[in-house]
1. Check which residues have an amide H placed less than 5 Å from residue 172's amide H, if you skip close sequence neighbours.
2. Can you spot the aspartates and glutamates whose alpha carbon is less than 18 Å from residue 164's alpha carbon? Ignore those fewer than 8 places along the same chain.
3. Given axes a ≥ b ≥ c from the Cα gyration tensor, I'd like to know whether the range 131-243 is rounded (a/c under 1.5), prolate (a/b larger than b/c) or oblate.
4. Anything over 20 Å Cα to Cα? Flag those among 66/301; 246/317; 91/246; 66/297; 91/301, in the order listed.
Amino acid sequence: MRSLLRLDITSLRAKAGLGLITAVLLTAIVTVFSHAATPQQNTGLTPAITTDALSPSIARGAYLAKAAGCQGCHTDKAEGAIPFAGGRALKTPFGTFYGPNITPDPQNGIGQWSLQDFTRALRLGQRPDGAHYFPAFPYTSFTQISDNDVADLWAYFKSLPPNKRANSAHEISFPFQFRFLVTIWQWLYFKPGAFEANPQLSPEINRGAYLTNALGHCTECHTPRNRLGASRNDRFLAGGMGPEGKNVPNLTPARLKKQWNDAELNDFLSSGQTPDGDVPAEAMREVINNSTGQLTKEDLKALIAYLRSLPALPEEKKEK
Ligand code: HEC
Ligand code: HEC
């Protein structure tokens, strides 16, 4: 059924006299996925998929999976749920996505996948059969994950106990459930590309940039979009309306509301503690529990150094 709904880019381009209906659909799909960022640093080149495992390490992979928050989206919230066996409901204004089972079960998980399939999913947002993933899966950030790190993640996921939990179908409202619309969205807005270190900046700041943008996918919530859903690189990490329609804070050094020092930022990102005793909103609490709170001291220090190095972007006047 799904494959019947898939269109390829060539046939789309052939129909380039896109009628009004298509234009409306395009706007709709773009709006739906307006929370999925186009990575700021990308070359526009499709990254080569390497299949040679570069000394993969399960332990490093386990750490990377934390830095990238894989578990939160791929584990049901119910008590005693099996890690990575899927079932987590991810609510968006357009419907509910369910993180799939990514344990190595041959039927319900990714047990029959190769490293190449895994790489293609993370880097290009494509299923082994070539269909496109919804950008609720943040491959727009993961496209920047290095070859070495993809190989380590793969080693880790292959080492997990397989679990048979069947996947739940996404509950998405019409017309957003059509996977082929994602083809159009990717074609317009997704530029796969490797992370590029900035030679002008220290290795620490570059490490922080990698943690923030490739693994941590912080931009998914902290970079606002324009009305057509394109990531606003002029407002990179500068906050604004988030994917859930709530305001997300500015992470650049111009942050007006809270001028936290490094120690306070460190406390917040490692444990959720704030100087005034506030509890962070749930979206961020989860990021802290699953991801930033699991980083090594050095990595968290690098991440903070990177945030400090960003160009200061003052708050924008609120749009209605
Ligand atoms: C913000 C939530 C989120 C995070 C974080 C996330 N995923 Fe996912 N992932 C999803 C969703 C949703 C899908 C399903 C997308 C679809 O069906 O189009 C998915 C799909 C996948 C798939 C494809 C599974 C299949 O059966 O086709 C793989 C593999 C995967 N994710 C691995 C990972 C890894 C590895 C990480 C961490 C590096 C990760 N994910 C982090 C939400 C997430
Ligand atoms: C799923 C959405 C989401 C993601 C992903 C996310 N954040 Fe947040 N973040 C939020 C929200 C919402 C708040 C506001 C929390 C509050 O005010 O209680 C926040 C608050 C913060 C704050 C406090 C800023 C302030 O002035 O109050 C920092 C620092 C922060 N996030 C850093 C990060 C970093 C670093 C990452 C990536 C590792 C990240 N966030 C990923 C949603 C997100």
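Laboratory data are not the source of any read-out in this text; all were calculated from the coordinates shown. A quick note: this is a predicted structure, and the numbers were derived from the prediction, not measured.
1. 96
2. Within the straight-line limit of under 18 Å, residue 164 reaches these aspartates and glutamates: 76, 79, 105.
3. Oblate, since a/c reaches 1.5 and b/c is not below a/b.
4. 91/301
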